[in-house]
Structures are given as structure tokens and as C-alpha cells.
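Working notes for the structure below.
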Amino acid sequence: MDHETKQQILAGDLDAYGDVVREYQGMLLGYALRRLGDRTLAEEVVQLTFIRAYQKLDEFQPDKEFGVWLCVTAKYLILSELEKRRREVRNKDRFRDVLELEIATAAAEDMRIDHKLDRVDALRDCVDQLQDGSAELIKRRYFAKMSCKDIAIEKNRSLTWVTSTLSRVRKALRACLENRSEPEVLS
């Protein structure tokens with residue numbers, strides 16, 4: 001671009017700038033496309049380059065090559081776009097990692113809850129298999145949360161009888177639960 005064309009554009013002659021855009025547009029698009037690999041993004045960078053060049057046209061020195069000046073301007077816009085892409089990819093990867101961790105944690109928690117519920121169901125089944133007196137004793141102590149002393153008074157038994165009976169019943173329940181957790185052997 002010569003000094004006269006620059007002055008016309010700075011004076012507000014948009015037709016003169018349109019001529020400059022048409023002259024360098026193909027070259028600049030090829031330059032951007034080679035570096036970005038995305039035509040839509042390259043066209044956007046070219047448009048931004050011409051806007052930026054128009055805004056900073058007073059800084060252009062007419063004795064320099066205008067195409068090179070445009071390419072340098074485009075280069076910085078391209079680098080900015082590439083960095084933006086890298087950040088987006090990093091953010092997506094981080095988001096994916098966090099999301100996968102949250103899903104895995106939720107799934108593990110669901111499995112723990114399911115396992116606990118299975119254990120509670122198994123315990124209830126084992127309690128139901130106890131003799132009536134033993135089942136009632138367990139239910140009063142652990143479900144109704146009665147103290148051993150209160151149970152002894154209610155049953156008209158000694159505290160020692162209540163604690164030793166509870167100990168025997170707990171062993172029976174433990175054995176019942178262990179039998180339920182062992183995998184069944186196919187014959």
C-alpha cells in the first residue's frame with residue numbers, strides 16, 4: 001500500500017480500503033487457514049485482521065510491505081485463537097476428569113448404600129430366624145434401644161443373664177451373616 005492510498009483510507013475513503021481488502025484477502029485467508037486448519041475460524045481471523053489493520057492504519061509505514069504487516073497482525077490473532085483452543089481443551093479435559101470422578105464416587109456410594117441395605121436386610125432375616133425369646137431380646141436392645149438394665153427389670157432376670165444371652169445371640173447372628181456372605185457352591 002502506498003502513501004496516497006493510506007491517506008485516502010485515513011481520510012475516510014472506505015472504497016479505497018475495500019480495494020485493499022480485496023487485494024490481500026486471498027493471501028491472508030491462505031495464511032490463516034494453513035495455521036488454523038478451520039476455514040470458518042480462518043475467515044473470522046481474516047476479518048478481525050482487516051478490522052485491526054484499519055484501526056491501526058496510522059501506525060503502518062508506507063515504505064514497508066503491507067501484506068507482511070497484515071500477516072504479522074494475523075499471526076498474533078492466530079496465536080491468540082490457538083491459545084484459546086488449548087485452554088478450552090484443557091478445561092474440557094479437567095471438566096471431564098472431575099465429572100468422571102463425581103460419577104465414580106456417586107456410583108461407589110450407591111454401591112456402599114446398596115451393600116449396607118443388603119447387610120441390614122440380611123441381619124433382619126437372621127433376627128427373624130432366631131427363637132422368639134432371642135429375637136425379642138435383640139429387638140428390645142438394638143431396635144428399641146433399651147438398656148440391658150431396663151431389659152433385665154422388664155424380663156425379671158439378672159443383668160448378667162441379659163448380657164450373656166445377648167452375647168450368645170450376637171454370635172449366632174454373626175455366624176448367620178457370615179453364612180449368607182459366603183458364595184454359594186454349585187454342586
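Laboratory data are not the source of any read-out in this text; all were calculated from the coordinates shown. All of these numbers come straight from a predicted model, not from anything done at the bench. Positions of Cβ are generated from backbone atoms using ideal geometry, with glycine treated the same way; all protein chains shown enter the neighbour counts.
Some observations on this one:
- Those lysines that a straight Cα-Cα span of less than 23 Å connects to residue 75, excepting residues fewer than 8 apart in one chain: 6, 56, 64, 84
- 163, 40, 49 arranged by Cβ crowding within 10 Å, fewest neighbours leading: 40, 163, 49
- Per-residue [θ]222 nm for the chain (sum of -39500 (n - 2.57) over DSSP H runs n ≥ 4, rounded to 500): -28000 deg cm²/dmol
- Packing-based ranking, highest mean first, of 7-13, 25-31 given that Cβ atoms within 10 Å are counted: 25-31, 7-13
- Straight-line cross-link reach from residue 155 at under 18 Å between alpha-carbon atoms covers these aspartates and glutamates, not counting any fewer than eight positions away in the same chain: 132, 136.
- Relative contact order of region 3-91, pairs being alpha-carbon contacts under 8 Å that are 6 or more residues apart, as %: 31 percent
- Our coupling estimate for region 130-147, obtained by passing each phi through the Karplus curve with A = 6.51, B = -1.76, C = 1.60 and θ = phi - 60°, is 5, 5, 3, x, 5, 4, 5, 4, 4, 5, 5, 6, 9, 8, 8, 6, 7, 6 Hz, Gly and Pro reported as x.
- Dipole of the chain [Lys/Arg +1, Asp/Glu -1 at C-beta], most positive-end residue of 40, 1, 103: 103
- Distance from the C-alpha centroid of region 132-170 to that of region 54-110: 71 Å, rounded to the whole angstrom.
- Evaluated with a Cβ-only charge set (Lys, Arg +1; Asp, Glu -1), region 130-181 carries a dipole of roughly 140 debye about its Cα centre, given to the nearest 20.
- Each of residue 59 and residue 123 was given a label point 7 Å from its Cα along the Cα-to-Cβ line. The distance between the two points is 7.3 nm.
- Peptides 152-158, 14-20 ranked from most to least packed, by the mean per-residue count of other Cβ atoms within 10 Å: 14-20, 152-158.
- Cross-link reach is defined here as a Cα-Cα straight distance under 18 Å, omitting same-chain residues fewer than 8 places apart; for residue 171 the lysines meeting it are 139.
- From the coordinates of this entry, P(r) over Cα pairs in 5 Å bins from 0, in percent is computed, and it appears in (i) 1, 6, 10, 9, 7, 6, 5, 4, 3, 3, 3, 3, 3, 3, 4, 4, 5, 5, 5, 4, 3, 1, 0, 0; (ii) 1, 8, 17, 20, 21, 16, 10, 5, 2, 0, 0, 0; (iii) 1, 8, 14, 15, 13, 11, 9, 8, 6, 5, 4, 3, 2, 1, 0 under the label (i).
- Charge-dipole axis of the chain as Lys and Arg at +1 and Asp and Glu at -1 on Cβ define it, positive-most pick from 71, 165, 28: 165
- Per DSSP, loop GluC sites (Glu not before Pro) in region 25-85 with at most 15 further Cβ within 10 Å: 65
- Region 130-181 - percent relative contact order, Cα under 8 Å, separation 6 or more: 30 percent
- Mean separation of Cα contacts under 8 Å (6+ apart) over length of the chain, as relative contact order %: 15 percent
- Any cysteine of the chain lacking a neighbouring Cys Cβ under 4.7 Å - listed by number: 71, 148
- For residue 140, neighbours were defined as the other residues whose beta-carbon sits under 13 Å from its Cβ, and their charges (Lys and Arg +1, Asp and Glu -1) total +2.
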